[in-house]
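Asks: First the structure, then my questions, so here it is.
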Amino acid sequence: MGLEIDDIQSGALHHRPAPYVGKFLVLRVDDRHAGRALLRRLLPAVVGGLPSANPNKDAWAGVAFTYHGLRALGVPQASLDSFPLPFRQGMAARADVLGDVGESDPVHWEPPFGTPDVHIVVSGLSPDAARLEKALERARAAYRETPGVEVIWQQDVHQLPTGRTSFGFRDGISYPGIEGTGIPGSNPQEAPLKAGEFILGYPDETGNLPPMPQPEVLGRNGTYLAVRKLHTKVAAWRQYLRANTTSLDEEARLAAKMIGRWPSGAPLTLSPDQDDPALGTDPHRNNDFLYRENDDRGFKCPAGAHIRRANPRDANIIGAARLHRIIRRGTSYGPPLPEGVLEDDGADRGLVGTFIGAHLDRQFEFIKSEWINDGNFIGYSGEKDPVAGHHDGTGTVTIPQKPVRRRLQNLPSFVVTRGGEYCFLPGLRALSWLTELEN
Amino acid sequence: MTTGTEANRSAQPERPGMTDGVASEFTVFCKIKQGHADALREVFALMRDQSQLSRDALREVGTLHYARHVIFDNDTRLMFASEFDGSWDTYIDDFATTSIAKNFDMVFRHTEGFPGITDPNVKDWFVSQQEPALVFSGSYPDLTVSQIWKDQRVNESFQAVLDTPEFQAALDNPANAALLATPAFQELLDVAAS
């Protein structure tokens, strides 16, 4: 069966442009009729269909709902009950699974995250401000004209002038190919994944249909988003690198070993000894690699490096990597910490990450709990992602090298969760269905 | 020791079963289909004959410490009991893609109600047959299967080093005195002493 691509919100499959500007809005629905009126006004702003292969052409808006949001719109209880448990519980309730503890504990989250007030998440992403404005215009008009619906949080995101994350690394490089979309993945050596891994209503990699919320019209062509605001402690990152190296060269190398890529985006697996900006910026080469044949033991890219944990490809791991692929869309917020500064300036900076897939538990939660916050799958039990893991000053990182591996100690946390929500991103027919609810 | 509902690394914390350190227990009691006990015995005989294949499958899975199948109650019931790293269903979707899935299918198709290892409801079926332990404890709670494999390799290499005259020479070399005096090396020598 072909994908009903025109019914899928195109934002679900859209790669992030570069450069980009974007906006995230959180809305609270105080009255179900107002909520449905808002949706009716929002509908024309939401585009379905195949995104262009060139992400720099389009701007788009997406509309997603939390469990509380669907309830606020008056979705019948039987339908609400048909959603998977993690979605019904919400991200804050899953903090133990996700490793959102200590500083990242939901008790410290930025309001309204983790409260029943978060109902609708509207996002827009665009290659430039003018097109973003256009994409969000209708959305803005819709919520301004609808009493009983309130914007309770918003966040602007933008690519930093460096074109890199606040930690100084080019990102947004790797994404899976999806059968039936015709859009190739970024790694030519990775076979496209079954559409059901990302869109509800189609067989997934196990040959089964992912569990789909009912009624069918609501679930089909939808997907799930995990949205997270992640604060990055850039000064702490730089201080740690400085304290554990004796030269700037060594510092750059250690950072690359922890990330798995050089600042330009060049992967260590293809360029183990120094950065290679030509490779880093070449979309045909910068993700064209596997691990097993040439780097099984991680002498080039450590098994524990951020990109290798988040997507171990063909590496020898416990489990089957293809069952835990996800679409990642990271967008930066806040000012960069000027180059060379090692002291924290108190600014809030980091990224708003969106993680898209048909299975919250098998994809996002599994990646967080097994790959980011543990190392059992690569034989380093208890060792966490050096960049994204919650370390609390007690973390270790193992970097394979000869004659003996290097093991860094007393790693602090460099990333703090400031909030997040599980959302359902319905297809277009489902959005209409939501506006037509009766009661 | 904690119950499964408190296990903090599980993606499905509501699953039954106890944990001790890194490992969890999993025991199911199933009804053997009428007249299928001998067919089931043949499956187990085949698995015994292909023990190397079974071991390879376990290596592929990488989290299973021990597992056993027992036919009891006059050929009417089957017990499957195992200990594994992490939560029971952390990797169960993944197992369906490994060769151990074939073994599961061969065994449990002789029990009542088994939907097939790749069926989306297979986890729920297993849980419906599961009887959580009341006590579960291990003698090496901090060691995962993959660590045990690595420890074994380290020990074998260490024992081989001990058998070389060059190692004795290194111990006698005054240039190595500082290394020998470190607590970590003293610990190694203590292990090497017997």
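The values are calculated or read from the model by the stated rules, or taken from the named source; none is laboratory data. No experiment lies behind these values; they were computed from the predicted model shown. Cβ atoms come from the backbone with ideal geometry, glycine included; neighbour counts cover every protein chain shown. In case anyone asks, the SASA skips ligands and DNA or RNA and just uses the protein heavy atoms, side chains included. Shrake-Rupley method; radii C 1.70, N 1.55, O 1.52, S 1.80 Å.
Asks: For chain A, calculate the relative contact order in percent as a whole number, restricting contacts to Cα pairs under 8 Å that are 6 or more residues apart.
Replies: Relative contact order of chain A: 23 percent.
Asks: Also: Once you keep just the Cα pairs under 8 angstrom separated by 6 or more residues, what percentage relative contact order results for segment B:14-169?
Replies: This gives 36 percent for segment B:14-169.
Asks: Right, next: Put +1 on the Cβ of each Lys and Arg and -1 on the Cβ of each Asp and Glu in the protein assembly as shown; which of A:Ile120, A:Ala256, A:Asn410 then has its Cα farthest toward the positive end of the dipole?
Replies: The residue sitting most towards the positive pole is A:Ile120.
Asks: Taking square-rooted eigenvalues a ≥ b ≥ c of the alpha carbon gyration tensor, is segment A:220-337 rounded, prolate or oblate, where a/c under 1.5 means rounded and, failing that, a/b exceeding b/c means prolate?
Replies: Oblate, because a/c is 1.5 or more while a/b does not exceed b/c.
Asks: Which aspartates and glutamates have a Cα less than 14 Å from the Cα of A:Lys368, not counting those fewer than 8 places away in the same chain?
Replies: Hits, sequence-local ones excluded: A:Asp96, A:Asp100, A:Glu383, A:Asp385.
Asks: Another question, if that's okay. Nearest 100 Å² is fine: how much accessible area is buried between A and B, summed over both sides, with a 1.4 Å probe?
Replies: So the buried area, both faces added, is about 1900 Å².
Asks: Mean-square fluctuation check for chain A, GNM, Cα pairs under 10 Å: which of A:Asp117, A:Asp128, A:Asp282 is largest?
Replies: Looking only at A:Asp117, A:Asp128, A:Asp282, the largest GNM fluctuation is found for A:Asp282.
Asks: Here's something else I'd like to know. Compute log10 of I(q)/I(0) for the protein assembly as shown with the Debye formula, placing one identical point scatterer on every Cα and leaving out solvent, at q = 0.11 Å⁻¹, to two decimals.
Replies: Listed by q, the Debye log ratios stand at -1.15.
Asks: Rounded, prolate or oblate: which fits chain B when a ≥ b ≥ c are the square roots of the eigenvalues of the alpha-carbon gyration tensor, with rounded for a/c under 1.5 and prolate only if a/b beats b/c?
Replies: Here chain B falls in the prolate category.
Asks: Need the list of lysines near B:Lys102 for cross-linking: C-alpha distance under 22 angstrom, and skip anything on the same chain fewer than eight residues off.
Replies: Those lysines meeting the cut-off are B:Lys31, B:Lys33, B:Lys123.
Asks: Return one number: the angle in degrees, 0 to 90 and rounded to the nearest 10, between the long axis of the Cα atoms of helix A:248-259 and the longest principal axis of the Cα atoms of chain A.
Replies: Around 40 degrees separate the two axes.
Asks: Taking only Cα atoms, what is the 0 to 90° angle, nearest 10, from helix A:129-144's long axis to the longest principal axis of chain A?
Replies: Orientation of helix A:129-144: about 40 degrees from the principal axis.
Asks: Please state the shape class of segment A:102-245: rounded when a/c is under 1.5, otherwise prolate if a/b exceeds b/c and oblate if not, all from the C-alpha gyration tensor.
Replies: Because a/c hits 1.5 or more and a/b fails to exceed b/c, segment A:102-245 counts as oblate.
Asks: Angle, helix B:37-49 long axis vs. longest principal axis of chain B, Cα atoms, 0 to 90°, nearest 10?
Replies: 20 degrees
Asks: Now for a different question. On alpha-carbon atoms, Rg over Rh for segment A:324-439 using Kirkwood Rh?
Replies: 1.10
Asks: Rounded to the nearest 500, what is the 222 nm mean residue ellipticity of the protein assembly as shown from helices alone, with -39500 (n - 2.57) per DSSP H run of 4+ residues and division by all residues?
Replies: So the calculated ellipticity at 222 nm is -7500 deg cm²/dmol.
Asks: Next question, about the same structure. Place a +1 charge on the Cβ of each Lys and Arg in segment A:313-439 and a -1 charge on the Cβ of each Asp and Glu, then give the dipole magnitude about the Cα centre in debye, rounded to the nearest 20.
Replies: Computed about the Cα centre, the dipole is about 720 debye.
Asks: Can you find, among A:Thr281, A:Leu209, A:Pro192, the residue sitting farthest towards the positive end of the charge dipole of chain A, where Lys and Arg contribute +1 and Asp and Glu -1 at Cβ?
Replies: In chain A, that residue is A:Thr281.
Asks: Which trypsin sites (Lys or Arg not before Pro) in segment A:29-125 sit in a loop by DSSP (not H, G, I, E or B) and have at most 14 other Cβ atoms within 10 Å of their own Cβ?
Replies: A:Lys57
Asks: Report the GluC sites (Glu not before Pro) located in segment A:109-154 that are in a DSSP loop and have at most 12 other Cβ atoms inside 10 Å of their Cβ, or state none.
Replies: A:Glu145
Asks: So, one more: Could you list the GluC sites (Glu not before Pro) in segment A:341-415 that lie in coil according to DSSP, counting only those with at most 11 other Cβ atoms within 10 Å of their Cβ?
Replies: Loop-located and lightly packed - A:Glu343.
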